[in-house]
Amino acid sequence: MQGRKIFKGKVVGEALVTGDDISFYGGCDPETGEIVEKDHHLEGKSVSGKILVFPSGKGSTVGSYVLYALKKADKAPLAIVNKVMDPVVAVGCIISEIPAVDQIDIGKIKNGQKIEVDADNGVVTLIEG
Amino acid sequence: MGLALTTEEKEMLDGKHGKATRKSMEIITTLGEIYGAKRLIPVTSVQIAGVSYHNLGEAGLEYLSEMAEDGHARVLTTLNPAGMDMLEWKKHGIPEDFAENQERVVNAFERMGVITTCTCTPYLIGNLPHFREHIAWAESSAVCFANSVIGAFTNREGGPSALATALTGKTAEYGFHLEENRLAQVKYDVQIELKDTDDFGLLGKAIGTRTGKTIPYITGIEKATTEELKSFCASIATYGGVAIFHMEGITPNKTTIPKKTEVVTEDDLRAARAELDDKEADIDFISVGCPHASIKEIAEIAEMLDGKKVADGKTVWITTAKPTKDLAIKMGFYDTIEKAGAFLVADACCAVAPLKGRFTGLMTDSAKACFYARGKNKFKTEIRTVKQCIKEAIT
C-alpha cells in the first residue's frame, strides 16, 4: 500500500490495530506503553514493540513528549501507521525517531498480522495474510 | 514534494547548522508537508508552551536538554508559565524536588538563549508583535490574543514546534498565516451588557462551546479593556479551540461579514455561569491572574486588600509575570498584598502549578482557570468578579 512518509525508517513487525484515535498524553502510560484511556479499544494493551496502526491522533500537544518518553524507556512502538497524521503524533515521531507513514487504508491491516513499514518510500506491505 | 526550500533551509535540514537545528527543520518541514505549505516564512517572535515540569515530565526535560546541546534561539522567544514562582516557591508550599526539576527546565531554555520570563501574556511584557507580523506562538490564549486583538499571524503551535521555530527562525506557511483562512464564518450578535472580566470569560465559554473551531464575527460589544479581552481570549480558546475571532469596532483584522447569525443572550451567560458554579463548593483557594494579571489589575487588588487580612483557612494567589511583579514591588503593591496574607506569585499560575490535593474549592474571575481546576486538580469552582473574589478572601 502506498502512503506518505512522515518519518524515515524501515521495520518488520506485528501490527496492533485499532479503529479508535489515540491521545498519547493522558491516554498512554509513558513508562510502560500501556493504553490507559478508559473504554479505548486498546485499553490495557501495550504499544511497545508493535507497529501501531490507528486512524489519527487526538488531544494535547504534550502527547509528542509521551512518544519521546516511550522511546527513552524502550517502550515505543516499532513504527506508526495512520490514516490521517495528526501534528502531535507527527512531531512525536520526529523527535523520537519512530518510522511513520500516513494515508494508508488501515482497514486492510489485520490485528496481529506481520507487516513491513518502509517509511522512506511511504510503503506498507502485508507479509502474512 | 510541494514544499520548496531555500539553500539555507536545505542546509539546516542537512545538519550543516548542527543537530538541534536539523531536528527543528525536520519538524517544520514535516508539518509544512502535512498541511500542504508551499514554502517556509521567517517569523519575528516565538512563545513556547510546555514549561511546567508538571506537564513536561522527565522525558520532556530530556528532550529540551538534548536540544540545548547546540540549539540557539534565532528570534525573540519567551516562555509560558512554569509550575512555580522561580524565586519565592518555598513560601508557596512547592516541594523541593519539584523546584529542582523546574529549575532544570528553565535552565535548559536559558542555555538556548530563550528569554526566561514565564508568562502566558508575553504581549504585556515586551514580546509584542505588531499588526500583520508573522509569529509562532503556543499558549492558546496568547495565540487568540495575537491573531485577533493585535492582528498578528500565528498558528496554534505546540511546545516542540514552537521551539523548532525559535531555533530556526522559520515556520511553514499554512493555516492562519494565510489571509484566506482568517475570515469570519459565523456572526454572533451579543445582546448582553458585559461588566467585568468574569462576564467576558463567560461570554468566551458561551460562544466557544457553540462555535468550536469556526471563526466568529462578534457584534454588540461597544468597548472592552485589554484585561477583558485577555479573559475572553483565554476562555474562547479553552472551550472552543478558537485561534482567531473578529469583534466589530474592536479588533483590527479585515474580514467579510458572514450572513449566518446567532444570538447570544443574558440566558446564555447565565447558563455558562451556572455550569461553572459548583453547588456546595467549599472555597479555600482564591486565584486571580489567569491569564496573568496586568499591573492595572494588581494595583486595583492592592487597593482592595489594603489594611485587610486574608481569612484563616484561605489561600490567595494573584498570578502575574515577573516583570509585572517587579513593578508591583517598586510601587508598593506587593507589600500591601503580602501584608494582607495573600501571595503575589510570579511565573506560575493555578492551572500549571502542582496543587492537586492541596485545596478543595477555587474561586476565580477566570472561566479558563475553572476548566483546569476541575479537570486537572479536581477542585470545585465558583466564578465571580475580581472584587467578589477578594471579598471572599477577607471574610
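For segment B:261-315 and segment B:175-237, what is the separation of their C-alpha centers, rounded to whole Å?
Measuring centre to centre over Cα atoms gives 19 Å.
Counting Lys and Arg as +1 and Asp and Glu as -1, each charge on the Cβ, what is the dipole of chain A about the Cα centre in debye, to the nearest 20? The partial results should precede the final answer.
Working: 15 positive and 18 negative charges, 54 e Å.
The calculation lands at about 260 debye.
If you place +1 on the Cβ of every Lys and Arg, -1 on the Cβ of every Asp and Glu, and leave all else neutral, what size is the dipole of segment B:89-201 about its Cα centre, to the nearest 20 Debye?
Details: 10 positive and 16 negative charges, 57 e Å.
Using only the charged Cβ atoms, the result is roughly 280 debye.
Place +1 on the Cβ of every Lys and Arg and -1 on the Cβ of every Asp and Glu in chain B, take the dipole about the Cα centre, and give the residue among B:67, B:87, B:352 whose Cα lies farthest towards its positive end.
Highest projection toward the positive end goes to B:67.
What is chain B by shape, rounded, prolate or oblate, if you read a ≥ b ≥ c off the alpha carbon gyration tensor as root eigenvalues and call it rounded for a/c under 1.5, prolate for a/b larger than b/c, and oblate otherwise? Write out the running numbers ahead of the final one.
Values: a/c = 2.06, a/b = 1.23, b/c = 1.68.
Note, shape of chain B comes out oblate.
Convex hull over the alpha-carbon atoms of the protein assembly as shown: what's its volume per residue in Å³?
On the way: hull volume 76.1 nm³, N = 524.
Once divided by residue count, the hull of the protein assembly as shown is 145 Å³.
Could you tell me how many degrees, from 0 to 90 and to the nearest 10, lie between the Cα long axis of helix A:87-96 and the main elongation axis, the longest principal axis, of the Cα atoms of chain A?
The angle comes out near 90 degrees.
Taking each pair of different alpha-carbon atoms in chain A once, compute 1/r for the pair, average those values, and report the inverse of that mean as the Kirkwood hydrodynamic radius in Å to one decimal. Mind showing how you got there, number by number?
Numbers: mean 1/r = 0.0722 Å⁻¹.
Kirkwood radius, chain A: 13.9 Å.
So for the protein assembly as shown, taking the charge dipole from beta-carbon charges (+1 Lys/Arg, -1 Asp/Glu), which of B:329, B:20, B:235 sits furthest toward the positive end?
Of the candidates, B:20 comes out farthest on the positive side.
Treating cross-link reach as a plain straight distance, find the aspartates and glutamates whose alpha-carbon is under 15 Å from the alpha-carbon of residue B:314, omitting any fewer than eight places away in the same chain.
B:282, B:284, B:338, B:382, B:392
In percent, how large is the relative contact order of segment B:159-288, given Cα pairs closer than 8 Å and 6 or more residues apart? Display every interim value, and only then the final one.
Numbers: 182 pairs, mean separation 41.3, N = 130.
With pairs under 8 Å counted, the relative contact order is 32 percent.
May I ask which of B:205/B:380; B:296/B:330; B:170/B:368 have a Cα-Cα span longer than 24 Å here? Kindly include the intermediate steps, with their values, before the conclusion.
Values: B:205/B:380 18 Å; B:296/B:330 14 Å; B:170/B:368 30 Å.
B:170/B:368, as the Cα separations exceed 24 Å there.
If Lys and Arg each add +1 and Asp and Glu each add -1, what is the summed charge of the other residues whose beta carbon sits under 9 Å from the beta carbon of residue B:288? Walk me through the numbers on the way to the answer.
Numbers: positive: none; negative: B:297, B:365.
Result for the local shell: -2.
If R0 is 30 Å, what FRET efficiency do you get for residue B:303 and residue B:191 from their C-beta distance, rounded to 0.05? Write out the running numbers ahead of the final one.
Working: r = 33 Å, r/R0 = 1.10.
Once the sixth-power term is evaluated, E becomes 0.35.
Tell me the angle of helix A:63-72 to the major Cα principal axis of chain A, expressed in degrees between 0 and 90 and rounded to the nearest ten.
The helix A:63-72 is inclined about 80 degrees to chain A.
Expressed in whole Å with the largest first, what are the equivalent ellipsoid semi-axes of segment B:235-368 derived from the C-alpha gyration tensor as the square root of 5 times each eigenvalue?
Working: eigenvalues 203, 87, 37 Å².
So the three semi-axes of segment B:235-368 are 32, 21, 14 Å.
Positive end of the charge dipole of segment B:142-270 (Lys, Arg +1 and Asp, Glu -1 on Cβ, about the Cα centre): tell me which of B:172, B:246, B:258 has its Cα farthest that way.
B:172
Once you have the alpha carbon radius of gyration of segment B:319-395, what is it after dividing by 2.2 N^0.38 Å, with N set to its residue count?
Working it through for segment B:319-395, the quotient is 1.15.
Compare B:318, B:337, B:125 in a GNM of chain B, Cα atoms joined below 10 Å, and give the one with the largest fluctuation.
Top of the fluctuation ranking is B:125.
Would you mind counting up the charge near residue A:14? Only other residues with Cβ under 9 Å from its Cβ, with Lys and Arg at +1 and Asp and Glu at -1. Please report the intermediate quantities before stating the final value.
Working: positive: A:50, A:114; negative: none.
So the surrounding residues net to +2.
To the nearest 20 debye, what is the magnitude of the charge dipole of the protein assembly as shown about its Cα centre, counting +1 on the Cβ of each Lys and Arg and -1 on the Cβ of each Asp and Glu? Mind showing how you got there, number by number?
Values: 62 positive and 73 negative charges, 137 e Å.
About 660 debye.
Per the helix-only calculation at 222 nm, which mean residue ellipticity applies to chain B, given -39500 (n - 2.57) for every DSSP H run of n ≥ 4 and division by its residues, nearest 500 deg cm²/dmol?
On the way: 14 runs with 157 residues, N = 395.
Here the helix-only value at 222 nm equals -12000 deg cm²/dmol.
Rounded, prolate or oblate for segment A:1-42? Axes are the square roots of the Cα gyration tensor eigenvalues, ordered a ≥ b ≥ c, and the cut-off for rounded is a/c under 1.5.
Numbers: a/c = 2.09, a/b = 1.78, b/c = 1.17.
Since a/c reaches 1.5 and a/b is larger than b/c, the shape of segment A:1-42 is classed as prolate.
If you average the C-alpha positions of segment B:34-92 and of segment B:147-173 separately, how far apart do those two centres end up, in angstrom?
Distance between centres, Cα-based: 12 Å.
Once you have a ≥ b ≥ c as the square roots of the Cα gyration tensor eigenvalues for segment B:21-158, tell me rounded if a/c is under 1.5, and otherwise prolate or oblate according to whether a/b is larger than b/c.
Details: a/c = 2.19, a/b = 1.42, b/c = 1.55.
Since a/c reaches 1.5 but b/c is at least a/b, the shape of segment B:21-158 is classed as oblate.
Just round it to a whole percent: the fraction of Cα-Cα distances in segment A:65-117 exceeding 15 Å. Kindly include the intermediate steps, with their values, before the conclusion.
Values: 647 of 1378 pairs.
Beyond 15 Å sits 47 percent of the P(r) for segment A:65-117.
Every number in this text was worked out from the coordinates using simple rules, so none of it is lab data. Keep in mind the model is a prediction, meaning the values are calculated, not measured. Glycine also receives a Cβ, built like all others from the backbone with ideal geometry; neighbour counts cover every protein chain displayed.
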